[in-house]
Structures are given as C-alpha cells and as structure tokens.
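Take a look at the structure below.
What follows draws every value from the coordinates through simple rules; no lab data is involved. What you see is a predicted model; the values in this text were computed from it and never measured. Virtual Cβ from ideal backbone geometry, glycine too; neighbours counted across all protein chains shown.
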Ligand code: 4NP
C-alpha cells in the first residue's frame, strides 16, 4: 500500500514551546511497540459511552473511506468502569446515526496498563483523562504514547484542546462533540502516513 509521505503533522501541543505542564513532554514516538503492522490507536474518555466511542466509530468510517482500514486499528476505552459492557449512550448513538454512522457495535471497556504495549498512540478527550491515562503508564516511554485527541484538530490551540464532556448536557453538546470529532479524525486520517513513519523512527 502506498502512503503520502509529504504530510506533516498538525498542531501538537507537546511541541509548542509556549506550552507547559503535562503536555510539554517528549515528542510522541520515543518508544513504539512495533515498527510494522497496523498503527494501533486507542481513544479514551471517562465513561466510554459518549466521546471516545463517537470518535472510534467516526475514525473507523473515515479510514475505511480513505482505503486505510488495514493500515490503522482503532479501539476505545474509558478511565472509569461504571458502564463496562454497555452500548453507547443513546444520545451519542442518535447523533451518529443521524449523520450516517453505525453506533450499534460499541460496548464500553476500561483502559488497562497492558493497553500501552498493545497500542502505538493513546488519544485522550480531555486533560483529566490525559492525567489519568499518564498515571497508568507502566514506563516513562509509555507516557510518550499519550496525546490529546484534539492535538490533531487544526482548529485547536493551547487553551482549546479538549472535547468537552456532553454527558450532563443536552443534544447541542453531542452535536458539538461530533463536529470536533469529524474535524479531528479527518486530520488523523491525513496524518496516517506521517504517524506510521514516526513509529519507524
Ligand atoms: P464520556 O461521558 O466520558 O464521554 O463517555 C461520560 C459518560 C458517563 C459518565 C461521565 C461521562 N458518568 O459519570 O457515568
């Protein structure tokens, strides 16, 4: 399969010299688990019934549309275990269905420390998820796999890099999440070749 090697990565908060805090860590790619095979991406939120499953379904659909279904494996999980085994939140599912995506296969899972060896990139929806996931990383090198999901969003910036939790709000929150997810997953699809190159180091 041929990849476009001219792609450059979009805004990455961890490469922004203005940025301090947990995102100002070493660039992604210090320790990748494998250097061939599909790139393996885990998408993480709190409950794994709203944001990360929406991102999972949309990213899978966009990769398939781009002919990259075999190049990237996508999964999702939550940092909490309250909803394990449950389908997607019905408001999230309704929003996806209204835009032609299939939410039906999702069942909620919780991230475990062994996900670090099984994934190349672990993308978190908000900073609280980011901190919780980094705290689970078995090694310093594993921490370099954790990145904010919206670090790929061309509209994100140093103070606007979260996908807000829509759980307590109304339908507008789910519409906003889908817009962010569609924009960000488009950028991830465009970055696939660069991410695979970065993994090869
Ligand atoms: P998510 O949303 O993290 O986007 O799946 C939430 C789902 C459930 C809860 C919180 C957020 N909860 O508290 O049960």
Could you line up 101, 130, 168 from fewest to most neighbouring Cβ atoms inside 10 Å? 168, 101, 130
Calculate, in nm to one decimal, what residue 118 and residue 65 gain on full extension: separation in residues at 0.36 nm each, minus their alpha carbon distance. 16.6 nm
Each label sits 7 Å from Cα toward the beta-carbon; between residue 128 and residue 90 the label points are separated, in nm, by 2.5 nm
Using a Förster distance of 25 angstrom, determine the FRET efficiency expected from the C-beta separation of residue 110 and residue 176, and round it to 0.05. 0.50
Once R0 is set to 41 Å, what does the formula 1/(1 + (r/R0)^6) return for the Cβ-Cβ distance between residue 167 and residue 141, expressed as a FRET efficiency to the nearest 0.05? 0.80
Taking R0 as 45 Å, what FRET efficiency do you get between residue 197 and residue 98 from their Cβ-Cβ distance, rounded to the nearest 0.05? 0.80
